[in-house]
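Here is the structure we will look at.
The values are calculated or read from the model by the stated rules, or taken from the named source; none is laboratory data. Bear in mind that the values here come from a model prediction, so they are computed numbers and not experimental data. FYI the Cβ positions are ideal-geometry reconstructions off the backbone, even for glycines, and counts take in every protein chain you see. What goes into the accessible areas is simple: the full protein's heavy atoms, side chains included, and nothing from ligands, DNA or RNA. Shrake-Rupley method; radii C 1.70, N 1.55, O 1.52, S 1.80 Å.
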Amino acid sequence: MVKYVIKRVLYMLLTLLIIITVTFFMMHSIPGDPLASMARNLPEQTRENYYAKYGLDKPAGEQYLIFMENLITEGDLGESIRYPGRSVTDTLLTNSRVSGTTGGLALLFGIAIGVTLGIVAALNKNKWPDYIVMFIAIMGITIPAFVMAALLQYFFTVQFHLLPTTGWGRPENLVLPVIVLSFNTIATYARYVKSNMLEVMNQDYILTAEAKGVTPFNVIKNHVLRNAFLPCITILGGQIASVFTGSFVVERIFSIPGLGFYYISSINDRDYTMILGTTVFFGALFVVAQLLIDIVYGVLDPRMRIKAKD
Amino acid sequence: MAEETMGMGPIPKEEPIPKEKFTVIGTDDFSGDLIARPQVSYWADAWRRFRQNKIALVALVVLAVMVVMVIIGPHLNGIAFEEIDQDALNQGPSAEHWFGTDNLGRDLFSRVWQAGRVSIAIGIAGALISTVVGCIYGGIAAYFGGWVDTILMRIVEVLFSIPYLLIVILISVITDSRSIFSLMLALTLTGWCNTARLVRGQMLQLKNQEFVLAAQALGVSPWKIILKHMLPNTMSVILVAITFDIPNYIFSEAFLSYLGLGIAAPNTSWGALCSAAQQTFAFYPYQMFFPALLIALTMLSFTLLGDGLRDALDPKLRK
């Protein structure tokens, strides 16, 4: 197990290094330099100082080494080009708290509802609760988040004046974004839990348990659910990612000052250091989440431990 | 036989049948081995099973109608999709403008189908590119095996662990040309990884199966084994992957266009139309309604079609 974890951590670091390196050189391969439009009218000396401030006077290889050194030793991702004086790392940390609140709530809410719906659907296979759940699940997968957000805004605020359209800071601001963000999670989990449960119910050990005279409730609780939930952990990584990428759109629509909101605005501003920093941050978040999930999965499922040993 | 005759009185005395009543009708033509019923090919069988799935059939019909409309739709009411009519801004659906007009007075009926062309073209092209690349990559990994396989799959693993939309956004920022070509590049750059994994997994599984061993034992040439046995069995996986890939690409493109990184004006896509309608949604909800409905309908149809195809093509369900 320890060997497996070490191997996975090494792969994670390699992946991160590749993400950072590729992103860095991609950002630097953009024709024209990020300061060109601002520095156009500056006197020669000022312009040189300006470039030197961001280290843009040095060759790309040297810039990369400096960037990596600052990142590893101080966790420093540089300074925003568009908004001088604004540290990328600080901005990321402040905004990620906002995104983490909506994203985290959406994830919890989504998993709770999705798992419940999945169980209901599996226990009532081919009856009306199953059809309703699968209808919701299909809706969650087929309706884009921005359409969903617009619809909710229209009905809850424009028509019935129940909730604020946009904004941040009050609890009622959270309701609509969390619903929109969790919709995809609900759909994914409902489908996944249902199909897993149906698969487990066909296994021989369930038949054995029933033959031994275990009550139906205990069969579901101790045998079906335990085995059906395990694989659900593996899609959690993808769900975390989708909550964050979903936040690009949702945060923009609801004007939530989170990571996604700033990522999109830094793209529109062509704020290269911000884009680079946020990409690295997102990549790291995603890769670390995947690693943790793999490890948790290995700990929870004894079968995985044996496989890892082989 | 004995029990049946028991109750029917005494058994009549057997008279030996004279030999000349028997004629030899031939024993050397192996007629017992002939297949009497017409042979059902794999695809005919799949089609038979697919037809039984009414939902998938409806989805297929909806998609067919959609494709036809996308081809003829922009010309149906005689108003070009980029034509600006200053006298008809933000009009609701009417006899002249069937889906209404947008904030520049452009006819939404024509625009929606024109947008559909771009969206569906991107979906199909993206799925085809990722299928071709994925098949070759996965095929090479499975065929050569050993260290080639290890290295190729490690690369896929690393690419796979980078959030997809992050790459797409990054590439579209860097290329910055907003053409369909750079959009396709951004969308397919890592989109093929999933197909590569699927194809490799399927090929590896097939390589060790009994029917391939049997074919080898019977002396079938490797080329024919790949063509006759491996490929049809992989086809089902690939085909299902394509049906799920297409809506994913349409979705990703809609997402990019929504963020303003997708297709550039005057051309448009469903995502771009939704994005444009978002600002005035409270006043002109119909502007969002039609493109959103078409995205949802396309996604739904492809998802249901994919489910149906998976059930129809899975040879393990054959009875």
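Just to be sure I understand: if you take the accessible area of chain A alone plus chain B alone and subtract the pair, with a 1.4 Å probe, what total do you get in Å², rounded to 100?
Protein heavy atoms only, the A-B interface buries about 3300 Å².
Can you give me the relative contact order of region A:41-198 as a percent, contacts being Cα pairs under 8 Å and 6 or more apart?
Once divided by the residue count of region A:41-198, the mean separation gives 27 percent.
Relative contact order for chain A using alpha-carbon pairs under 8 Å, separation at least 6, rounded to a whole percent?
Contact order relative to length: 27 percent.
What's the tally of Lys pairs in chain A whose alpha-carbon atoms lie under 29 angstrom apart, where the two lysines are 8 or more places apart or on different chains?
Value for chain A: 15.
How many times 2.2 N^0.38 Å is the alpha carbon radius of gyration of chain A?
That works out to 1.24 for chain A.
Let me know the mean shielding of B:295-301 by other chains, meaning the per-residue number of their Cβ atoms within 10 Å of its Cβ.
Average neighbour count from other chains, rounded to a whole number: 4.
List the trypsin sites (Lys or Arg not before Pro) within region A:58-118 that DSSP assigns to loop and that have no more than 14 neighbouring Cβ atoms inside 10 Å.
A:ARG86
Regarding the protein assembly as shown, what are the three Cα extents along the principal axes, ordered largest first, in Å?
Between the extreme Cα coordinates on each principal axis of the protein assembly as shown lie 127, 70, 56 Å.
Please compute the contact order of region B:54-317 in relative form: average sequence separation of alpha-carbon pairs under 8 Å and at least six residues apart, divided by the residue count, as a percent.
Relative contact order comes out at 26 percent.
Per residue, how much accessible area does region B:54-317 show when a 1.4 Å probe rolls over the protein heavy atoms, in square angstrom?
Value for region B:54-317: 44 Å² per residue.
Could you provide, to the nearest whole Å², the per residue accessible area of region A:66-110 with probe 1.4 Å?
Per-residue value: 52 Å².
I'd like the accessible area for A:HIS223: 1.4 Å probe, protein heavy atoms, all chains in place, Å² to the nearest 10.
Result for A:HIS223: roughly 60 Å² accessible.
List for region A:144-159: residues with 40 Å² or greater reduction in accessible area, all protein chains versus chain alone, probe 1.4 Å?
Residues of region A:144-159 that lose at least 40 Å² of accessible area once the other chains are added: A:PRO144, A:PHE146, A:VAL147, A:ALA150, A:TYR154.
Where the centroid of each part is defined by its Cα atoms, how far is region A:195-274 from region B:204-220 in Å?
Region A:195-274 and region B:204-220 have Cα centres spaced 39 Å from each other.
Cα extents of region B:54-317 along the three principal axes, largest first, in whole Å?
77, 43, 27
For chain A, set up a GNM with springs between Cα atoms under 10 Å and report which of A:ALA190, A:ALA60, A:ALA284 has the largest fluctuation.
A:ALA60
What is the local net charge at B:PRO247, summed over the other residues whose Cβ is closer than 13 Å to its Cβ (Lys, Arg +1; Asp, Glu -1)?
-3
I'd like the mean, over residues of A:250-262, of how many other protein chain beta carbons sit within 10 Å of each residue's own Cβ.
Mean number of neighbouring Cβ atoms from other chains: 1.
Using a 1.4 angstrom probe and counting only protein chains, how large is the accessible area of A:VAL296 in Å², to 10?
About 70 Å², ignoring ligands and nucleic acids.
Any idea which of A:VAL180, A:SER247, A:LEU93 is furthest toward the positive side of the dipole for region A:91-269, if Lys and Arg beta-carbons carry +1 and Asp and Glu beta-carbons -1?
A:VAL180
Of all accessible surface on the protein assembly as shown at a 1.4 Å probe, what whole percent is carbon and sulfur?
Roughly 66 percent, rounded to a whole number.
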